[in-house]
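The values are calculated or read from the model by the stated rules, or taken from the named source; none is laboratory data. Values in this document were obtained by computation on a predicted structure and should not be read as measured data. Here the Cβ positions follow ideal geometry from the backbone for every residue, glycine too, while neighbour counts run over all protein chains shown.
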Amino acid sequence: MNQTQSSGSGWVARVWPLVPIVAALLFTSALLLLFGASPAEAYRAMWDGSFGGSDKILGVIAFWVPLVLCSVGLLITFTAGLWNIGVEGQIVLGAIFASWVALRLSGPAWLLIPVEIGAAMLGGALWAALSAVLKTRGRVNEIFSGLALNGLAIILTNYLISGPWQPPEGGSFRGTAPFQDAALLPRLLESRFSPLSLVLAGLAFAAVFFILRGTTWGLKLKALGKNPASAYLLGVSSERETIMAMMFCGALAGLGGAVRVLSWFDSLRQSISGGIGFLALLIVMLAAYRILWVPFIAFFFSVVLNGSITLQLKTQLHSSLGGILTGVMVLFVLLFGSAKQLGIGGQASTGAGDAPEAIPPPPADTIAGDITPNVRGGD
């Protein structure tokens, strides 16, 4: 292959994540035409729902921030060959820990908010650590433990809302009493968006970028994800790195839960996560594990889902169109595969910061619950 062909195929590999998105838009448009609806009218309504005013734009950003936090955290676990399906529960535990601080402690905002953020990250990290320990010590697949812990997190939320943390007027599944003003993240105008949350997301993105591109720990995670047996022979502790990777992701997911409960809402609610954990899994898959794609795809998801809320108000189409669009995208990702799987791009670089691009889904021995063959805990 000559240099021109190599550069051309490398360019195709870089833009390949856009192919499922474009294909999903075309498929959804064809579906709308089949049912006698106008794709232009539907997309215009969704556009107005996302960008039809400053409050709607800020709402898109407010939903986008926890999506980015969870997605970049998942890049750490995916790099280590771990399917952290329990990220949804880690968001919930972060919200619960932040809510405990908001309900039980008092003080100025400059003191209360950092404590809430720290508590939320701790809650998410501990919940993720539980899944990691079940994997490394109990040989429980992280997929199964994650799903179980997601359910437990929801049950715990409902118990707190209807029991110990119920509002003064009595138990209810709607939510706790509103938090004190000092406990809430400072919001812009009358929106749900907090500029502080955007700063936190930026710091998290930069930290993960640096970890995956410029640290020894990042190299250990890649070695563990690509070949656990070889990583063990090189002295990489599968048990330690698994727990650390899961806790790191859990901390960022918990931070996302704090953003949800302290800015999107003003109290602990049912379904506080809003499905963001599962959406983050889809975003990482769509991004082909490349960190530079994550913010853009997450923003697209936020635009589609927020715009779908007003879709039914302006057209006779149901708001579930946004869910159909995102679901079709995931289907096309599975159908099209990655550029590398299709032999596009060869060994071309994916650009600075895209180190996880070559990391495949977890190997078969990891899915089965064994991190390294015949090595208990990997040490």
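Among the conditions (1) in contact with a Pro (Cβ under 6 Å, 6 or more places away or on another chain); (2) crowded, with 21+ Cβ neighbours inside 10 Å, the only one that residue 229 does not satisfy is (2).
If you take the residues of the range 144-170 that are assigned to a loop (DSSP other than H, G, I, E, B) and surrounded by 16 or more Cβ atoms within 10 Å (Cβ to Cβ), which of them is modelled with the highest pLDDT?
Residue satisfying both the conditions and the ranking: 165.
Residue count for the range 215-244 under the criterion of being within 22 Å of the chain's Cα centre (by Cα) and of a type in the set (Ser, Thr, Tyr): the result is 1. Considering only residues in the range 255-293 that are outside any helix (DSSP H, G or I) and basic (Lys, Arg), the one that is surrounded by the fewest Cβ atoms within 10 Å (Cβ to Cβ) turns out to be 269. Restricting attention to the range 44-56 and to residues that are touching a Ser or Thr at 6+ places or on another chain (Cβ under 7 Å) and surrounded by fewer than 21 Cβ atoms within 10 Å (Cβ to Cβ), the residue that is nearest to residue 274 (Cα to Cα) turns out to be 56. In the range 65-115, which residues are surrounded by fewer than 24 Cβ atoms within 10 Å (Cβ to Cβ) and either within 14 Å of the chain's Cα centre (by Cα) or within 15 Å of residue 243 (Cα to Cα) (or both)? Correct list: 83, 85.
Scanning the range 6-34 for residues that are at pLDDT below 75, of a type in the set (Phe, Trp, Tyr) and either assigned to a loop (DSSP other than H, G, I, E, B) or closer than 17 Å to residue 332 by Cβ (or both) returns a single hit, 16. Quick check on the range 133-153. Is at least one of its residues of a type in the set (Ser, Thr, Tyr) and under 25 Å from residue 101 (Cβ atoms)? Scanning the range 133-153 turns up no residue that is of a type in the set (Ser, Thr, Tyr) and under 25 Å from residue 101 (Cβ atoms). Taken together, the criteria exclude residue 149 from residues that are more than 30 Å from residue 237 (Cβ to Cβ) and either within 22 Å of the chain's Cα centre (by Cα) or among the hydrophobic types (A, V, I, L, M, F, W, C) (or both). Pairs meeting the criteria (first residue in the range 27-52 and farther than 9 Å from residue 307 by Cβ, second residue β-branched (Val, Ile, Thr) and assigned to a helix (DSSP H, G or I), beta carbons under 8 Å, at least 6 apart or on different chains) are 27/328; 28/324; 28/328; 31/324; 39/28. The single residue among 200, 212 that is touching a residue at least 12 places away in the same chain (Cβ under 8 Å), closer than 14 Å to residue 80 by Cβ, assigned to a helix (DSSP H, G or I) and under 22 Å from the mean Cα position of the chain (by Cα) turns out to be 212.
Condition check: in a helix (DSSP H, G or I), surrounded by 24 or more Cβ atoms within 10 Å (Cβ to Cβ) and acidic (Asp, Glu). Does residue 41 satisfy that? Taking the combined requirement at face value, the residue does not satisfy it. The sole residue among 219, 203, 234, 196 that is among the aliphatic types (A, V, I, L, M) and in contact with a Ser or Thr (Cβ under 9 Å, 6 or more places away or on another chain) is 196.
Remark: residue 120 matches the filter, which requires a residue to be buried (at least 16 other Cβ atoms within 10 Å of the Cβ), under 30 Å from residue 78 (Cβ atoms) and either in contact with a strand residue (DSSP E or B) (Cβ under 7 Å, 6 or more places away or on another chain) or of a type in the set (A, V, I, L, M, F, W, C) (or both).
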